[in-house]
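**Student:** Before I ask anything, here is the structure I am working with.
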Amino acid sequence: MKPAPKEFIRGLHNLRPRHRGCVATIGTFDGVHLGHRAILRQLTDAAEQHQQPAVAIIFEPQPHEYFARERAPARLMRLREKIQALFSAGVQRILCLRFNEELRSLTAQQFIDRILVQGLGIHHLVVGDDFRFGCDRAGDFELLTAVGREQGFTVSDTCTLEHAGARISSTRIRQALEAGEFGLAEQLLGHPYRIGGRVGYGKQLGRQLGVPTANVQLRRYRSPLHGVFAITAHRADGSAHPGVANVGVRPTVSGSTRPILEVHLLDFTGNLYGERIDVEFHRKLREEQKFESIDKLQEQLQKDIAEAKQFFKEGS
């Protein structure tokens, strides 16, 4: 079968007759970590066996964000990054459903009928044996299997992937990041943790202080990281530059409620405005703090730079 072109479908209303017939899985896939990748391998293997496109069904906002709002756990990645990671893992189509009152009000049977059967015409579904869905919480592996026998699709459950005796999960990765355990986070993700985005114009305060920064708006209520870190910034041209990054709300000069990523590259004189960069985190240097004056902030920034340089010197 000729591989289907990669396609992002936003909303059930954008499904077309050509989208019917697939092998699908459902989840939030925040971080697309090693546990998720095991599920996606199972998905793509089943898609090849059934000679159907591999489809990932995701939600925006994520269900816990809909219910908890700004109190929801921090995202490990943006939607854009998630889409790229899912496609890289072999998914051919992504159906992104808007999680709203209408969707959350569907019973399990309605979800199966409208989305899986009428919308996608699934041939096979890959889900965890502990998967639950529907406003009545009646949706589970047993119900899916029973309905599948009636409607002509099959269902398989996913394996649980563990590391050091514990399940790999987005929650566990958040905890590792919060504790500054970047090595553990890398083992769970399968790669170093990065935050990416496009560099925009800020207030130029860093340049005035002799520490020019590249500013990346995170556009999220919360970040899984807060503080000052030794980092490496990866540019689109393949170059990598050591530096220092602050993730937070800049209490000394701003006091905003939304976090921003500020990156200072060590011994760098180029222009990054408009570029997309991926910032890889190595070590937490300190917590973000409010200083009594700009002079005190400037003094601390020089200490941060010196500590980061020492970190990279020891690692070289």
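The values are calculated or read from the model by the stated rules, or taken from the named source; none is laboratory data. Everything quoted here is computed from the prediction, not taken from an experiment. Cβ sites come from the backbone with ideal geometry, for glycine too, and all protein chains shown count toward neighbours. The protein model used for the area step is the full one, side chains on, heavy atoms only, and it has no ligands, DNA or RNA in it. Shrake-Rupley method; radii C 1.70, N 1.55, O 1.52, S 1.80 Å.
**Student:** Could you tell me what percent of the DSSP beta bridges with both partners in the chain are antiparallel, to the nearest 5?
**Tutor:** 60 percent
**Student:** Continuing with the same structure: Please work out the Cα center distance from segment 13-84 to segment 117-134, rounded to the nearest Å.
**Tutor:** Segment 13-84 and segment 117-134 have Cα centres separated by 12 Å.
**Student:** Relative to a virtual label point 7 Å from the Cα of Arg219 in the Cα→beta-carbon direction, which members of segment 93-127 show backbone nitrogen distances below 18 Å?
**Tutor:** Under cut-off, by backbone N: 96-99.
**Student:** Further question: If you count the DSSP beta bridges with both ends in segment 7-163, what percent of them are antiparallel, to the nearest 5?
**Tutor:** Rounded to the nearest five, the antiparallel share is 5 percent.
**Student:** State, to one decimal in nm, how far the label point of Gln84 lies from the label point of Ile294, with both points 7 Å from Cα in the Cβ direction.
**Tutor:** 3.5 nm
**Student:** About the Cα centre of segment 7-163, what is the dipole size in debye to 20, counting +1 per Lys and Arg Cβ and -1 per Asp and Glu Cβ, all else neutral?
**Tutor:** 620 debye
**Student:** In segment 214-243, which trypsin sites (Lys or Arg not before Pro) fall in coil by DSSP and have 12 or fewer other Cβ atoms within 10 Å?
**Tutor:** Arg219
**Student:** Then there's this: Please identify the chymotrypsin sites (Phe, Trp or Tyr not before Pro) of segment 284-316 that satisfy two criteria: DSSP loop assignment and at most 16 other Cβ atoms within 10 Å. Which are they?
**Tutor:** Filter output for segment 284-316: Phe291.
**Student:** Follow-up question, since we're still on this one. Just how large is the dipole of segment 193-315 about the Cα centre, in debye to the nearest 20, putting +1 at every Lys and Arg Cβ and -1 at every Asp and Glu Cβ?
**Tutor:** 440 debye
**Student:** May I ask you to compute the full-extension gain from Ala138 to Ala179, defined as 0.36 nm times their residue separation minus their alpha-carbon distance, rounded to one decimal in nm?
**Tutor:** Taking Ala138 through Ala179 to full extension adds about 11.1 nm, to one decimal.
**Student:** Based on Cβ point charges of +1 for Lys and Arg and -1 for Asp and Glu, what charge dipole magnitude is obtained for the chain about its Cα centre, in debye rounded to the nearest 20?
**Tutor:** That gives the chain a dipole magnitude of about 820 debye.
**Student:** Separate question: Would you mind putting 268-280, 71-83 in packing order, based on average other-beta-carbon counts within 10 Å, highest first?
**Tutor:** Highest-to-lowest ranking by the protection proxy: 71-83, 268-280.
**Student:** Next question, about the same structure. Relative contact order (percent) for segment 59-100, with alpha-carbon contacts under 8 angstrom and 6 or more residues of separation?
**Tutor:** RCO, segment 59-100: 65 percent.
**Student:** For the chain, give the percent of accessible area contributed by carbon and sulfur heavy atoms, probe 1.4 Å, rounded to a whole number.
**Tutor:** Solvent-exposed carbon and sulfur of the chain make up 48 percent of the total.
**Student:** Placing +1 on the Cβ of each Lys and Arg and -1 on the Cβ of each Asp and Glu in the chain, which of Leu143, Ala24, Leu12 has its Cα farthest towards the positive end of the resulting dipole?
**Tutor:** Checked the options; the winner is Leu12.
**Student:** In nm, to one decimal, how far is the Glu162 label point from the Arg98 one, both placed 7 Å along Cα→Cβ?
**Tutor:** According to this spin-label approximation, the distance is 4.2 nm.
**Student:** Charges on Cβ only, +1 for Lys and Arg, -1 for Asp and Glu, centred on the Cα centroid of segment 193-315; of Leu218, Gln300, His234, which one is farthest towards the dipole's positive end?
**Tutor:** So the residue furthest toward the plus end is Leu218.
**Student:** So, one more: Return one whole number: the accessible area per residue of segment 7-163 in Å², for a 1.4 Å probe.
**Tutor:** Result: 46 Å² of accessible area for each residue.
**Student:** Hey, what angle do you get for helix 294-315 against the long axis of the chain, alpha-carbon based, 0 to 90 degrees rounded to 10?
**Tutor:** Tilt of helix 294-315: around 70 degrees.
**Student:** Follow-up question, since we're still on this one. Could you pull the accessible area for Arg37 with a 1.4 Å probe, rounded to 10 Å²?
**Tutor:** 60 Å²
**Student:** How big is the gap, in Å, between the Cα center of segment 145-172 and the Cα center of segment 280-316?
**Tutor:** Their Cα centres are 43 Å away from one another.
**Student:** Would you list, by chain and number, the lysines whose Cα falls below 22 Å from the Cα of Lys6, excluding same-chain residues fewer than 8 positions away?
**Tutor:** Within the straight-line cut-off, Lys6 pairs with Lys82.
**Student:** Here's a follow-up. Among Gln62, Gln110, Gly270, pick out the residue whose Cα is farthest towards the positive end of the charge dipole of the chain, where Lys and Arg carry +1 and Asp and Glu carry -1 on C-beta, about the Cα centre.
**Tutor:** Gly270
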